[in-house]
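The values are calculated or read from the model by the stated rules, or taken from the named source; none is laboratory data. Quick caveat: nothing in here was measured; it's all calculated off a predicted structure. No Cβ is skipped: glycine too gets one built from the backbone with ideal geometry, and neighbour counts run over all protein chains shown. Remember, those area values only see protein heavy atoms, side chains included, never the ligands or the DNA or RNA. Shrake-Rupley method; radii C 1.70, N 1.55, O 1.52, S 1.80 Å.
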Protein chains: 2
Amino acid sequence: MTGHSIALESLTSWDFASFGEVLEATGNPDMIINAGLCERFQDIATLEFIGEGARAGLSIFRSRAQSLPCRLSHVERHPLGSQAFVPMSVDPFVVVVAPDRAGKPGTPRAFLTRPGQGVNYFRNTWHGTLAPLTDNALFAVVDRIGDGNNLEEYFFAEPYLINS
Amino acid sequence: MTGHSIALESLTSWDFASFGEVLEATGNPDMIINAGLCERFQDIATLEFIGEGARAGLSIFRSRAQSLPCRLSHVERHPLGSQAFVPMSVDPFVVVVAPDRAGKPGTPRAFLTRPGQGVNYFRNTWHGTLAPLTDNALFAVVDRIGDGNNLEEYFFAEPYLINS
């Protein structure tokens, strides 16, 4: 393989703050419900769906696994909507994001989730495609349903290599 | 304990059809994405959020466990919005629903999920509160964020007993 290598980082809301939200139960809950049995962390994702008739949809993704080290040939972004990924297992997955540099992705960063962490990408945030480390991994995805071109892809001149 | 008992059923979309959707990857996917690596089951939940300024929100619930047999003292419903529960683990949980009978819940039914199953309750569907069988269970919840009274509760004269 060729290209620069990227080291996996632990996923924290601090490091992820400019890209989106880490979907996790941390800190104090906003409400205690169900007669004290359940903590509610309320409305923790910036959901944004732009364009006439656009709305939130809930989909399920079932993905084959990546194995580390893995090749990152491209990233994508969604100009019309945010995209949330909720893992339906405790298995970790790799989250790749990149800052925008004048309309193109800058140097990517790669994060490894812990059990109980999902992510929400802000609208128009460069990110890698779904990269679980276990096969047939299931994710609930909350993203935009609607007309219009909501996908922009960028292929790197040389792929990056994501190392464990 | 008192009251009638309810036997747990396996959760299937057929049996659940009048109450909401089972959130799972079954049948043929609607799209194949990510260069063939990922199946997308598209827009599988009836998300409905009523009222001016109401919108979809994503929250995290962390719940203590129930143990079977468990007591069902009441159900609730949300007149202004649907509510989806996505488990963030493969641990099963108990899903209780009841048909509406002239504004009150009829006889409840109780379902046990399999790994990879979540649920979306239609707006105004009577349902039990979140009932995982493991402690500190995490769920991503997609429901209505907005003003207005979106909770109606009904307490049974005699609690039901849910048996495994």
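Taking residue A:97 as the residue in question, decide whether it is within 11 Å of another protein chain (Cβ to nearest Cβ), at pLDDT 95 or above and buried (at least 23 other Cβ atoms within 10 Å of the Cβ). I'd like the intermediate steps shown before the answer.
On the way: within 11 Å of another protein chain (Cβ to nearest Cβ): no; at pLDDT 95 or above: yes; buried (at least 23 other Cβ atoms within 10 Å of the Cβ): yes.
Spelling it out, it is not the case that residue A:97 is within 11 Å of another protein chain (Cβ to nearest Cβ), at pLDDT 95 or above and buried (at least 23 other Cβ atoms within 10 Å of the Cβ).
Residues of region A:24-67 that are among the charged types (D, E, K, R), more than 7 Å from chain B (Cβ to nearest Cβ) and either open to solvent by less than 50 Å² (accessible area, probe 1.4 Å) or in a strand (DSSP E or B) (or both): A:55 alone.
For residue A:81, the test of being open to solvent by less than 50 Å² (accessible area, probe 1.4 Å), within 12 Å of another protein chain (Cβ to nearest Cβ), more than 19 Å from residue A:17 (Cβ to Cβ) and not aromatic (Phe, Trp, Tyr) is passed. For residue B:73, the conditions (1) farther than 23 Å from residue B:47 by Cα; (2) touching a Ser or Thr at 6+ places or on another chain (Cβ under 9 Å); (3) within 11 Å of another protein chain (Cβ to nearest Cβ) all hold with the exception of (2).
Which count do you get for residues in region A:92-151 that are outside any loop (DSSP other than H, G, I, E, B) and small (Gly, Ala, Ser)?
Taking region A:92-151 first, the residues outside any loop (DSSP other than H, G, I, E, B) are A:93-98, A:100-101, A:104-105, A:109-112, A:118-121, A:126-127, A:131-132, A:137-145.
Narrowing further to those that are small (Gly, Ala, Ser): A:98, A:110, A:118, A:131, A:137, A:140.
Final tally of qualifying residues: 6.
Take the conditions hydroxyl-bearing (Ser, Thr, Tyr) and within 14 Å of another protein chain (Cβ to nearest Cβ) and apply them to residue A:134. Does it pass?
On the way: hydroxyl-bearing (Ser, Thr, Tyr): yes; within 14 Å of another protein chain (Cβ to nearest Cβ): yes.
So residue A:134 passes the test.
Does region B:113-123 contain any residue that is on the phi > 0 side of the Ramachandran plot, among the small types (Gly, Ala, Ser) and within 13 Å of chain A (Cβ to nearest Cβ)?
Step one: of region B:113-123, the residues on the phi > 0 side of the Ramachandran plot are B:116.
With among the small types (Gly, Ala, Ser) added as a condition, the list becomes B:116.
The next check asks that each one be within 13 Å of chain A (Cβ to nearest Cβ); those that pass are B:116.
Checked against the condition, which is being on the phi > 0 side of the Ramachandran plot, among the small types (Gly, Ala, Ser) and within 13 Å of chain A (Cβ to nearest Cβ), region B:113-123 yields at least one hit.
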